[in-house]
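The structure follows.
Bear in mind these aren't lab numbers, they're just calculated from the coordinates by the rules spelled out. This one's a predicted model, so the numbers in the text were calculated from it and none came from an experiment. Glycine gets a Cβ as well: all are built from the backbone with ideal geometry, and neighbour counts include every protein chain shown.
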Amino acid sequence: MLAFIPLFVYSQDIGKSAPLFSGKSSTGESISLSDYKDKVVILDFWASWCKPCKEEFPFLIDFYGQNSGKDFSILAVNIDNESSNAVKFLNSLNKEIPYKIIFDSESKIPPLYNIESMPSVFVIDKKGIVRFVHIGFTSGDKEKYKNEIEKLLSE
């Protein structure tokens with residue numbers, strides 16, 4: 001029964017405007033969700049200690065590559081207390097990360113989205129509306145992501 005509680009909490013966000021935020025990358029670059037207006041965005045909340053994130057991250061990297069050049073982007077918000085843990089995680093992937101990573105060690109952004117589980121993914125349409133929410137990650141989710149993004153890109 002407890003496994004369904006986060007889905008209920010997140011489902012209330014579907015159809016609402018995605019809360020705006022800004023944060024800093026590892027290089028100190030300021031990144032704001034508002035910079036991605038008119039794009040379909042996967043907003044991914046993740047942590048280095050999250051086992052499903054280890055499967056999700058390589059998929060997102062490949063998925064981004066397949067959809068680059070379209071009105072699509074990914075923003076990944078890391079919630080580790082120590083950004084060095086996130087950097088170790090990213091380095092262990094042995095892949096270049098083609099999208100922006102926000103390091104939110106003070107956890108200012110997750111409360112805007114009522115984050116309770118990792119990973120938590122919000123799919124935001126070109127108008128800034130949360131259209132889909134995913135909690136956790138399994139290989140079966142890959143097709144859902146593809147279908148959702150294709151649908152939103154065609155709107």
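How far, in nm, would the chain grow between S32 and K51 when pulled straight, counting 0.36 nm per residue and subtracting the alpha carbon separation? Before the final figure, lay out each step's value.
Numbers: separation 19, 0.36 × 19 = 6.84 nm, distance 2.71 nm.
Extra length from S32 to K51 when fully extended: 4.1 nm.
Per residue Cα convex hull volume for the chain, in cubic angstrom? It would help to have the intermediate numbers written out before the result.
On the way: hull volume 17.2 nm³, N = 155.
Value for the chain: 111 Å³ per residue.
Moving to a separate point now. Calculated FRET efficiency, L93 and N114, Cβ-Cβ r, R0 25 Å, to nearest 0.05?
Details: r = 28 Å, r/R0 = 1.11.
With R0 = 25 Å, the Cβ-Cβ based efficiency is 0.35.
Continuing with this model, one more query. Using Cβ counts within 10 Å as a stand-in for footprinting exposure, how do I61, I101 rank, fewest first?
Working: I61 17, I101 22.
Final ranking by Cβ density, sparse to dense: I61, I101.
For K24 and L153 in the same chain, what is the full-extension length gain: residue separation times 0.36 nm, less their Cα-Cα distance, in nm?
Numbers: separation 129, 0.36 × 129 = 46.44 nm, distance 2.73 nm.
Length gained between K24 and L153: 43.7 nm.
Remind me, relative contact order of region 12-154 in percent, using alpha carbon pairs under 8 angstrom and six or more residues apart? Each step should come with its number before you reach the end.
Details: 238 pairs, mean separation 49.7, N = 143.
That works out to 35 percent.
Reachable lysines from K151, Cα under 30 Å, same-chain residues fewer than 8 places away excluded?
Counting by Cα, and skipping residues close in sequence, K151 has these lysines nearby: K16, K37, K39, K51, K54, K70, K95, K100, K126, K127, K142.
Also: Once you place label points 7 Å from the Cα toward the Cβ at K100 and D62, how far apart are they in nm?
Placing both labels 7 Å beyond Cα along the Cβ direction yields 2.7 nm.
Classify region 91-155 as rounded, prolate or oblate, taking a ≥ b ≥ c as the square roots of the eigenvalues of its Cα gyration tensor: rounded when a/c is under 1.5, otherwise prolate if a/b is larger than b/c and oblate if not. Write down the numbers at each step before the final one.
On the way: a/c = 1.55, a/b = 1.20, b/c = 1.30.
Note, shape of region 91-155 comes out oblate.
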